[in-house]
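Undergrad: Provided herewith is a single structure, encoded as structure tokens, for subsequent inquiry.
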Amino acid sequence: MLKTRFTELVGVDHPIVQGGMQWVGRAQLVSAVANAGALGFITALTQPTPEDLTKEIARCRDMTDKPFGVNLTILPALKPPPYAEYRQAIIESGIRVVETAGSNPQEHIAAFKAHGIKVIHKCTSVRHAVKAEKLGADAISIDGFECAGHPGEDDVPGLILIPAAADKVKIPMIASGGFGDARGLVAALALGAEGINMGTRFMCTVESPIHQRVKEQIVANDERATDLIFRTLHNTARVARNAVSQEVVAIERKGGATIDDIRHLVAGQRGKVVYEAGDPDFGIWSAGMVQGLIHDIPTCAQLVSRIVAEAEAIIGGRLARMTGRA
Ligand SMILES: Cc1cc2nc3c(=O)[nH]c(=O)nc-3n(C[C@H](O)[C@H](O)[C@H](O)COP(=O)(O)O)c2cc1C
């Protein structure tokens, strides 16, 4: 049992989080994570409407009576989704913990806090972590450059980012990006975090609602199998390297590319088809460098109990022996 300020804050057994994942963070995965004693987040914007989100939350409750949360990701968009309506659906569903991510979370943190909901803000820099703490966030999830999805534009890896943020924020902090096993969890705790957030690792589990062939591709991939796209648009995303991501990178490298030059390649719907039909080369899909540490497709219960048991063994065995205490 690893008890931290984070497990106390959100009332879960283990200091392990499954962060929001577009098309992947559905009730089936989130309830399995909750039943394993960790904290899962349903991804609000995977649901086409706020009403569908309400139904997905109810579906998750049918499969677990343990705590789980909802991720609300605020990204720049020409036609933004109805954020306030999604937020209201979360509040009215009686959710007790929310993961916000993306652009300025101020209005959302205020609204959730007014209803006594705990907010974990996920960000990619020390300055944004400090700001979220000032805005009233209850915890920070900090994503290093290794992470899948949006690592920001500063390119600071977790080994620096996590202790740098730990020096500046007082609220509990979760380390994110590149975590997939017990060694990562112990390292994160040593760096000043109170737990870990894993995306890619949870994506590659039995209960993850994506095609088996994509999970097998993650197992086959190594730590070099990612690309950074949208660099030139200052909206960097780390994605699994494939024929499409390589084409996007090639267009961006030529210089002067606009979103119109790559829109046909990066459409979110194409990524959705990857997960549904199981063709890893059909579109862009998110995955992190931690693919190099993923060698199997366990259930969430197996994964979480393995990480916790091995972390306890590292702390009480190898590390304790180094100090002469075991
Ligand atoms: C398939 C996939 C989709 C993701 N979608 C989102 C999202 O919609 N919102 C968000 O805040 N983070 C998203 N992320 C980021 C994860 O929540 C997490 O921060 C990241 O995966 C951590 O890095 P890791 O993959 O190395 O564990 C996504 C990650 C993956 C793998």
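Undergrad: I need the full set of residues from region 83-137 which are farther than 19 Å from H150 by Cα, part of a helix (DSSP H, G or I) and of a type in the set (D, E, K, R), in order please.
TA: If the condition is that a residue be farther than 19 Å from H150 by Cα, part of a helix (DSSP H, G or I) and of a type in the set (D, E, K, R), then E85, R87, E92, E107, K113, E133, K134 are the ones that fit.
Undergrad: Let me ask you something else. When you go through V70, V12, V24 one by one, which is the residue that is farther than 26 Å from Q269 by Cα and either open to solvent by less than 20 Å² (accessible area, probe 1.4 Å) or part of a helix (DSSP H, G or I) (or both)? Walk me through it before giving the result.
TA: Numbers: V70 fails: farther than 26 Å from Q269 by Cα; V24 fails: farther than 26 Å from Q269 by Cα.
Criteria check complete, one pass: V12.
Undergrad: Which residues, counting only those in region 295-326, are surrounded by 15 or more Cβ atoms within 10 Å (Cβ to Cβ) and among the hydrophobic types (A, V, I, L, M, F, W, C)?
TA: Passing the criteria: I297, C300, A301, L303, V304, I307, V308, A311, I314, I315.
Undergrad: Among the residues of region 71-95, write down those that are β-branched (V, I, T) and free of Cβ contacts under 8 Å to residues at least 40 places away in the same chain. Step through it out loud before you land on a result.
TA: Let us first name the residues in region 71-95 that are β-branched (V, I, T), namely 73-74, 90-91, 95.
Hits for region 71-95 are I74, I91, I95.
Undergrad: If you don't mind, there's one more thing I want to ask. For region 116-144: of the residues being surrounded by 19 or more Cβ atoms within 10 Å (Cβ to Cβ) and polar (S, T, N, Q), which is nearest to V156 (Cα to Cα)?
TA: Out of the qualifying residues, it is T124.
Undergrad: Give me the strands (runs of 3 or more DSSP E) completely within region 183-246, filtered to those with at least 1 residues that are touching a His at 6+ places or on another chain (Cβ under 7 Å) and over 28 Å from C60 (Cα atoms), ordered by residue number. Spell out how you get there, then give the answer.
TA: Working: elements: 196-198, 226-229, 237-240.
The strands (runs of 3 or more DSSP E) meeting that bar are 237-240.
Undergrad: A follow-up question, please. Could you tell me whether G102 is open to solvent by less than 50 Å² (accessible area, probe 1.4 Å), within 14 Å of the ligand (Cβ to nearest atom) and at pLDDT below 95?
TA: On the way: open to solvent by less than 50 Å² (accessible area, probe 1.4 Å): yes; within 14 Å of the ligand (Cβ to nearest atom): yes; at pLDDT below 95: yes.
Answer is yes for this residue.
Undergrad: Can you name every residue in region 257-294 that is open to solvent by 40 Å² or more (accessible area, probe 1.4 Å), in a helix (DSSP H, G or I) and away from the ligand (no atom under 12 Å from the Cβ)?
TA: Selection gives I259, D260, D261, R263, H264, Q269, R270, V273, E276, A277.
Undergrad: While we're here: Counting only residues that are within 16 Å of the ligand (Cβ to nearest atom), free of Cβ contacts under 8 Å to residues at least 40 places away in the same chain and among the β-branched types (V, I, T), how many does region 23-69 have?
TA: Qualifying residue count, region 23-69: 4.
Undergrad: To continue, here is another question. Working only within region 27-67, note down all residues that are in a strand (DSSP E or B) and of a type in the set (S, T, N, Q). Give the steps one after another, and end with the answer.
TA: Filtering region 27-67 for residues in a strand (DSSP E or B) gives 39-43.
Of everything in region 27-67, just one residue is in a strand (DSSP E or B) and of a type in the set (S, T, N, Q), namely T43.
Undergrad: For region 291-307, which residues satisfy the criterion of being in contact with a His (Cβ under 9 Å, 6 or more places away or on another chain) and not β-branched (V, I, T)?
TA: S305
The values are calculated or read from the model by the stated rules, or taken from the named source; none is laboratory data. Computed from a predicted model, the values in this text were never measured in an experiment. Don't worry about glycine lacking a Cβ; one is built from the backbone with ideal geometry, like all the others, and counts go over all protein chains shown. Heavy atoms of the whole protein, side chains included, go into the accessibility calculation; ligands, DNA and RNA do not. Shrake-Rupley method; radii C 1.70, N 1.55, O 1.52, S 1.80 Å.
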